[in-house]
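Written below as structure tokens is the structure these notes are about.
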Amino acid sequence: MRRLRSSAGRVGLPLAVALAACAPDSAADRAPDAGTADAGDAVETVRPDASTAYRPIDVADGAVLRGRVRFSGRVPAPDTVRITADTAICGTSRVVSRVKVGGESGLADAVVSLTDIEAGEPWPDVPSPPTLDQHGCRFAPHVILARIGDTVRVLNSDAVSHNVHTAGFDNRSVNRTQPAGAAPIALTFAAPEKVRVKCDLHPWMSAWIVVAGHPYQAVTGEAGRFTMSGVPPGTYTLEVWHERLGTRSRTVTLEPGRTLEVDFDFATGD
């Protein structure tokens, strides 16, 4: 079993976890609210079909898939949100940017995944549960990866109340207030999807929990890099998703013991 690592090296699960930001609602990231859970309850509703569930196998002569996600063109200007409540902690304004570009035009917070892989390396040991914190009236990280069945811990490190409101299609929603100093909220998810998280008390706050159905997924850091190793040789669909810029995909063929470099480019107006 292997451990999580960052996107700059081997992709832990192979997973990489990155980055903090907050954003207002938009048509691109709304999802239906399927209800609320009682305080303290874990969320587990939709169970994956066993016939299509990911199967761990021994991978001989696994391939390495790596590359970069870049952004070209003019970076969209961030929004400035005026704040009228909890200003002692949250301030009177907040700059919100949902396109985060680092050095050499690397695009952060992009989710990279082999969408049609059915079997591969076992899930690695995870040294600590995935954690989403509310700190400085922001969610951090902005995008987090979690396996089906993982317990995601949601913290409130601020001296004000927040609320944790999740919205997805295949997992029930949670909408719970979390006062300052309260115990962590534990969330679990039974179906793979991208689940939006927001704070209704501070509407500029948002994040994403990407519920992974297999280990071959990554979230890019500011350099936009990703790496997946131990991939069974074969032909797959490689997809990159970004909350504002949409989705890119291409077919990749991986040969035994070889490394394939794949880059993706995004731009506004594409």
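The values are calculated or read from the model by the stated rules, or taken from the named source; none is laboratory data. Predicted model, so just to flag it, every value in this text is computed and none were measured. All Cβ positions, glycine included, derive from the backbone under ideal geometry; neighbour counts span all protein chains shown. Side chains are part of the model used for accessible areas, which takes the heavy atoms of the whole protein and leaves out ligands, DNA and RNA. Shrake-Rupley method; radii C 1.70, N 1.55, O 1.52, S 1.80 Å.
Observations
- Sole residue being in contact with a Pro (Cβ under 8 Å, 6 or more places away or on another chain) and within 14 Å of Phe266 (Cα to Cα), chosen from Val75, Val99, Val81, Val95: Val99
- Residue check, Gly149 modelled with pLDDT under 95 and open to solvent by less than 10 Å² (accessible area, probe 1.4 Å): no
- Within segment 104-123, tally of residues that are more than 16 Å from the chain's Cα centre (by Cα) and either open to solvent by less than 50 Å² (accessible area, probe 1.4 Å) or among the small types (Gly, Ala, Ser) (or both): 6
- When restricted to residues that are more than 30 Å from Thr80 (Cβ to Cβ) and surrounded by fewer than 18 Cβ atoms within 10 Å (Cβ to Cβ), segment 124-146 contains 5.
- Of the set (1) among the charged types (D, E, K, R); (2) assigned to a strand (DSSP E or B); (3) surrounded by fewer than 19 Cβ atoms within 10 Å (Cβ to Cβ), all apply to Arg196 but (3).
This table checks each residue for (1) open to solvent by less than 20 Å² (accessible area, probe 1.4 Å); (2) under 13 Å from Thr115 (Cα atoms); (3) in a strand (DSSP E or B).
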| position | (1), (2), (3) |
| --- | --- |
| Trp204 | yes, no, no |
| Trp208 | yes, no, yes |
| Thr227 | no, no, yes |
| Arg248 | no, yes, yes |
| Thr253 | no, no, yes |
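- Only one entry in Val95, Val164, Val101, Val160 is touching a strand residue (DSSP E or B) at 6+ places or on another chain (Cβ under 8 Å) and open to solvent by less than 30 Å² (accessible area, probe 1.4 Å), namely Val164.
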